[in-house]
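Input: a single structure, listed below in structure tokens.
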Amino acid sequence: MTGRLTDELVATAPAGTYGDGRGGNGLRLVVQPSGSRSWVQRLRTEGGQLVNRGLGSAAEVTLTQARERAAVNAGKAPDPAPTAPPPVADDTDEVLRLQLQLAEAENEKLRLQLQLAQQPAAPPQPVAIPTPPASGGPLLSEVLEQVIAHKRPGWRAGSTSERTWRTQMGYLDGLMATPVGGIAAGDVQRALAGCSPNIARLNRQRLSACFKWAMLQGWCHADPAAAVAGFLPKQPDTEHHDALPHTEVAAAVAKVRASDNWEGSRLAIEFLVLTAARSGEVRGMTWGEVDLAERVWTVPADRMKAGRSHRVALSDQAVAVLEQARDLADGSGLVFPSYRGKQLAPAALVKITRPLLGTTCHGFRSAFSVWGHESGYPSELIEAALAHADYNKARAAYARTDLLDQRRPVMQAWADHIDS
């Protein structure tokens with residue numbers, strides 16, 4: 001709508017967002033499907049960024065008051081000046097009159113206390129449930145930013161967690177523009193109903209974290225996301241992709257080579273198979289981690305699942321893949337960049353292996369493990385090649401080497417098996 005808001009519209013408008021029209025200083029009325037109504041103002045910061053600011057519940061703040069607040073926030077009107085206290089009369093008769101009134105009030109107070117003491121005890125009254133602040137607190141989107149900032153130090157470098165939170169919580173755009181103190185469990189359930197079952201489950205957990213943070217700040221008194229935990233869309237049965245038999249790995253690699261997918265993705269998959277590495281380790285691989293003279297790739301600790309650096313022995317075939325990857329060098333430093341010159345996305349490789357081979361990238365690690373044990377190699381060499389953190393805690397506690405030299409013939413035999 002382009003016209004101005006009216007008191008009648010504020011009281012009767014169906015669910016949706018309604019602007020106050022030209023001259024409204026970005027004032028909006030947000031109506032939830034539950035019927036709750038709140039004021040939100042769209043402002044531009046000095047840096048040019050658009051932000052939403054909650055101005056309170058429409059049940060507590062009238063349209064006129066909301067417009068006054070919006071005008072003050074937009075710099076269109078000064079803050080109201082404080083009224084000066086009335087002068088205190090210094091007339092003696094006036095002072096005596098006030099003293100007499102105070103004395104009479106004190107006598108009345110004592111009379112009421114005595115009267116209450118003589119009455120029978122009243123039945124216990126139910127405990128009042130605390131209500132959220134009249135303003136409703138900040139918008140849920142603002143609370144989300146605070147939660148992300150709180151969690152950010154615990155996320156590993158290169159993690160996509162922050163981007164995933166923002167993207168998937170963005171599906172709840174209507175809820176995100178609501179003051180956190182004005183959100184009910186029904187609002188949460190309706191918002192999550194528009195997500196896929198898996199995204200709904202993850203977003204409910206994220207919402208719960210936001211509400212708990214808001215409770216700590218005094219912006220709300222309950223976690224409405226907790227109430228809908230058992231009432232989300234049913235999760236579909238997970239389709240498990242079996243590990244590829246090691247006897248079929250050679251044919252699988254040949255299919256990947258012959259496909260018309262981006263060369264960086266094809267080479268990354270082949271290198272992943274040859275090294276039995278994880279997808280994230282390969283996608284984030286840089287030339288600074290590679291020592292071709294020593295034929296070793298050192299994955300830094302911040303990209304390893306166990307949080308410890310890991311050395312990978314490079315077979316002849318793995319070195320040959322790296323030589324081909326040199327043609328992809330674009331200044332980013334990545335060994336296997338995307339066609340845009342950025343790191344390959346988490347789903348980039350599995351989008352090739354799943355439809356083409358019926359397996360995930362992790363299935364190749366399982367195939368390597370089965371092949372190694374069937375070939376009679378010691379378990380500690382296989383587990384060390386896979387960088388399993390707790391494969392043998394007792395042995396790891398006394399180990400003084402990562403068994404790199406002993407692993408070299410294992411990785412070469414695996415590469416030869418794939419080439420056979």
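Where a number appears in this text, it was derived from the coordinates with a stated rule and is not lab data. A quick note: this is a predicted structure, and the numbers were derived from the prediction, not measured. Cβ placement follows ideal geometry from the backbone for every residue including glycine, while neighbour counts extend to all protein chains displayed.
Annotations for the structure displayed:
- Computed E for LEU356/GLN65 - FRET, C-beta separation, R0 45 angstrom, nearest 0.05: 0.15
- In Hz, Karplus ³J(HN,Hα) per residue of the stretch 275-284 (6.51, -1.76, 1.60; θ = phi - 60°; x = Gly, Pro): 9, 6, 8, 7, 4, x, 5, 6, 4, x
- Rounded, prolate or oblate (a/c below 1.5 giving rounded, otherwise prolate when a/b exceeds b/c) for the stretch 140-231 by Cα gyration tensor: oblate
- Computed from phi, the 3J(HN,Hα) profile of the stretch 401-416 under the Karplus parametrisation 6.51, -1.76, 1.60 (θ = phi - 60°) reads 8, 8, 6, 4, 5, 6, 7, 4, x, 5, 5, 5, 5, 5, 5, 5 Hz, with x in place of Gly and Pro.
- Shape call, the stretch 236-318: gyration tensor on alpha carbons, a/c limit 1.5: oblate
- Ranking of LEU207, LEU112 by count of other Cβ atoms within 10 Å, fewest first: LEU112, LEU207
- Rounded to whole Hz, the Karplus (6.51, -1.76, 1.60) HN-Hα couplings of the stretch 244-255, x for glycine and proline: 6, x, 5, 6, 9, 5, 4, 5, 5, 5, 4, 5
- Order of THR6, THR45 - criterion: other Cβ atoms within 10 Å of each residue's Cβ, fewest first: THR45, THR6
- Each residue in VAL10, VAL30, VAL273, VAL228 was given a count of other beta-carbon atoms within 10 angstrom of its own, and listing them fewest first yields VAL10, VAL228, VAL30, VAL273.
- The stretch 277-381: C-alpha gyration tensor shape, a/c 1.5 cut-off, then a/b vs b/c: oblate
- Förster radius 56 Å - calculated FRET efficiency between VAL370 and GLU145 (Cβ-Cβ, nearest 0.05): 0.75
- Projected label distance in nm at ALA227 and SER379, using a 7 Å step from Cα toward the beta-carbon: 5.1 nm
- Annotation: amide H of THR286 within the under-5 Å range of VAL335, sequence separation 5 or more or interchain, hydrogens built in the peptide plane.
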